[in-house]
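What follows draws every value from the coordinates through simple rules; no lab data is involved. Remember, predicted model here, so these are calculated numbers, not experimental data.
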Amino acid sequence: MAASDLASPLCTLLVAACMSVSFEKDHTPRRLSQWTKRKKFVSKCISRGGADFVSNKLTNGSGIQTLISSCLTFEPCNEFNNSKGQFTLLGSPTAWTRKQRSMNRPAAHSGKTVVVRPADGVTTKKKQLTKQRRVVVTGMGVVTPIGDDTDVFYNNLLEGVSGISEIEAFDCAQFPTSFSTDGWVSPKLSKRADKFTLYLLTAGKKALADAGITEEVIGELDKRRCGVIIGSALGGMAIFQDAIEALRVSYKKMNPFCIPFTTTNIGSALLAMDLGWMGPNYSISSACATSNFCILNAAHHIITGESDVMLCGGSDAAVLPIGLGGFMACGSLSQRNGEPTKASRPWDINRDGFVIGDGAGVLLLEDLEHAKRRGAKIYAEFLGGSYTCDAYHLTEHHPDGSGLTRCIEKALAQSGVAKEDVNYVNAYGSSTPRGDLKEYRTLIRCFGKNPELRVNSTKSMTGHLLGASGAVEAVATVKAIQTGWVHPNINLENPDEGMDMNVLVGIKKEPLDIKVALSNSFGFGGHNSSILFAPYKCI
């Protein structure tokens, strides 16, 4: 091979590595320093010069190290020589900096050739400190027992409509909602995927439509800066259940998609594939706190400048024999089967457990400046939040409520919000005897001095949507900010001892000028999470 065939484009890549070839081991005394060895080798290469040395080394040498050594006989690369801070290939060795020497020493000691080149689009310049980016909500989508449109959903909440009814069959197709994937998910995928995935895809695309992100707009977005983080507490329960039944016959009868379609990340992955979004994409599963964790992480990617647009939330579909049976076995569910619409009753003295529901909630979070540039409608501003762990019990909060208190106080501190500014809380309020009481006492401890404080629970009408509950309740929180109305706590007929009805919203909707709203979500395992929203104000 002629030296001219390996012209200067290789020079820039190989010059640093050519100093560490194995030649020096055979022809340089060990007592010499590494730098002296390199100088001697360079001089020897240059003095021998010409095509003969190159030809010999290419013929007798081995592998890439030989090829690298031959670069010393090439013409100097003008572009390389003229760049600032770099050394001239055939020039004075004093142009090397200490940092450059130290970077090459590991390769010399190991005897290996290392070629380091920055990846495309990666800068080695120090990142400049910038003002923290603001995160806003520009789109929302839901699938719930009381409506699959955000306006219908919230209007039903304001009117106190319960979506809880008696389950007459375990076939999900008979579950009493108006849910349809038509126009949102392909028929082929609708037949294969689990309901939690279909809920997620539908809610996610509705959030995009609500935000005005059409196919044309999607084509204009930098898809490398758009991501999806939508989680699930339980994943593809129906697919898993069907797979177990098929396995009783033979593994050959199992759905070939049963593994990917049961995982909690599959919805985020499929949605990203559909949209072509190549930014952060994963799921988080932290029981019933899943959605809040996903929202917090999505906001983090925007705040740090990694992303401009993030779809986030949660989805679950556990109204199945295995789901109901599992929660019944651990004693979590209400047994008020004769009055389904009255079964979920947060803070009422006769509450006896929660009611499982299916659904999904997705929010589109966006960098404020990005949203303004595309003329997006801004529903509210996401201020921040936090999460903690009780590290105490599988299903119970710590007796003194320290984990809950610390979570709320951290959320306030990290968001820069004063306690007196929080005047609305969309509580976790799942309708369990001990859980409701501990959360209420924590809220009073944190915000009880605020005479404007109002607290409600969306679960009194939707039931507990498990991993989807936090996102659906975040949508309800944002809608409360947008409309100026907070929904009632239905079935709160006899407040538990110590409950203050000046704090808890009654059985009718109430007007409220919200300054800052807090939404809580907790989960089995001691997971606590709190997120904060406020009306968007141009500063």
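Rounded if a/c is under 1.5, else prolate if a/b beats b/c, else oblate: with a ≥ b ≥ c from the C-alpha gyration tensor eigenvalues square-rooted, which is the stretch 392-488? Write down the numbers at each step before the final one.
On the way: a/c = 1.61, a/b = 1.07, b/c = 1.51.
Oblate, since a/c reaches 1.5 and b/c is not below a/b.
Semi-axes, largest first, in whole Å: what does sqrt of 5 times each Cα gyration tensor eigenvalue give for the stretch 256-307?
On the way: eigenvalues 93, 53, 7 Å².
Semi-axis lengths for the stretch 256-307 are 22, 16, 6 Å.
Against the globular-protein guess of 2.2 N^0.38 Å, express the Cα radius of gyration of the stretch 261-385 as a ratio, rounded to two decimals. Don't skip to the end; give the middle numbers.
Numbers: Rg = 18.4 Å, N = 125, 2.2 N^0.38 = 13.8 Å.
Relative to the rule-of-thumb radius for its length, the stretch 261-385 sits at 1.33.
Need the full-extension length gain, PHE257 to LYS537, defined as separation in residues times 0.36 nm minus the C-alpha distance. One decimal, nm. Mind showing how you got there, number by number?
Numbers: separation 280, 0.36 × 280 = 100.80 nm, distance 4.69 nm.
Result: 96.1 nm gained on full extension.
Given the Cα-Cα distance of ALA329 and GLU420 and 0.36 nm per residue of separation, how much length would full extension add, in nm? Before the final figure, lay out each step's value.
Numbers: separation 91, 0.36 × 91 = 32.76 nm, distance 4.17 nm.
My answer for the length gained is 28.6 nm.
If you split all Cα-Cα distances of the stretch 222-308 into 5 Å bins from zero, what percentages do you get per bin, shortest first?
Taking all Cα pairs of the stretch 222-308, the binned fractions are 3, 15, 19, 18, 15, 11, 8, 5, 3, 1, 0 percent.
What aspartates and glutamates sit close enough to LYS438 to cross-link, taking a C-alpha to C-alpha distance under 18 Å and skipping anything fewer than 8 places away on the same chain?
Excluding near neighbours in sequence, the set is ASP348, ASP352, ASP390, GLU396, ASP400, GLU409, ASP496, GLU497, ASP500.
What number, in nm² with one decimal, is the all-direction average of the projected area of the convex hull of the alpha-carbon atoms of the stretch 413-539?
Over every viewing direction, the Cα hull of the stretch 413-539 projects on average to 8.0 nm².
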